[in-house]
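Structure first, then comments.
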């Protein structure tokens, strides 16, 4: 089943959390759009210096390797404190676990629902 590719990126009011929702396959254009919208949301939050990101992948499709590299670049930023991924696809879980091991960046967790993800981000 094909999905129209699109993304929503918005700060959650009153927090330092940026919400991202991905629909369909992550194309090169979408990858650029996600990055630009996330940078804009980070600037909109202002203070505190660090931000947390929650990514809803329940309606996401395939992810290009370039997009995974861009995601890794975001994770390396000092300003990004934690990233909560919402999703239930086995490949996603395996990929993120592998990424955590290889990169040494341990600021990601996978969740089944938004409330649990937000609770972890606020810890």
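Scanning segment 84-105 for residues that are assigned to a helix (DSSP H, G or I) and either buried (at least 16 other Cβ atoms within 10 Å of the Cβ) or touching a strand residue (DSSP E or B) at 6+ places or on another chain (Cβ under 9 Å) (or both) yields a count of 7.
For (1) out of contact with any strand residue (DSSP E or B) (no Cβ under 7 Å at 6 or more places or on another chain); (2) over 17 Å from residue 122 (Cβ atoms); (3) in contact (Cβ under 8 Å) with a residue 60 or more places away in the chain; (4) surrounded by fewer than 13 Cβ atoms within 10 Å (Cβ to Cβ), each residue gets a yes or a no:
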residue: 5; (1), (2), (3), (4): no, yes, no, no
residue: 17; (1), (2), (3), (4): no, no, yes, no
residue: 26; (1), (2), (3), (4): no, yes, no, no
residue: 32; (1), (2), (3), (4): yes, yes, no, no
residue: 49; (1), (2), (3), (4): yes, no, no, yes
residue: 55; (1), (2), (3), (4): no, no, no, no
residue: 72; (1), (2), (3), (4): yes, yes, no, no
residue: 82; (1), (2), (3), (4): no, no, no, no
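Summed over segment 56-73, residues that are more than 13 Å from residue 30 (Cβ to Cβ) and assigned to a strand (DSSP E or B) total 1.
The numbers here are math on the coordinates, done by the rules we state, and not lab data. Everything quoted here is computed from the prediction, not taken from an experiment. All Cβ positions, even for glycine, are placed from backbone atoms using ideal geometry, and neighbour counts span all protein chains on display.
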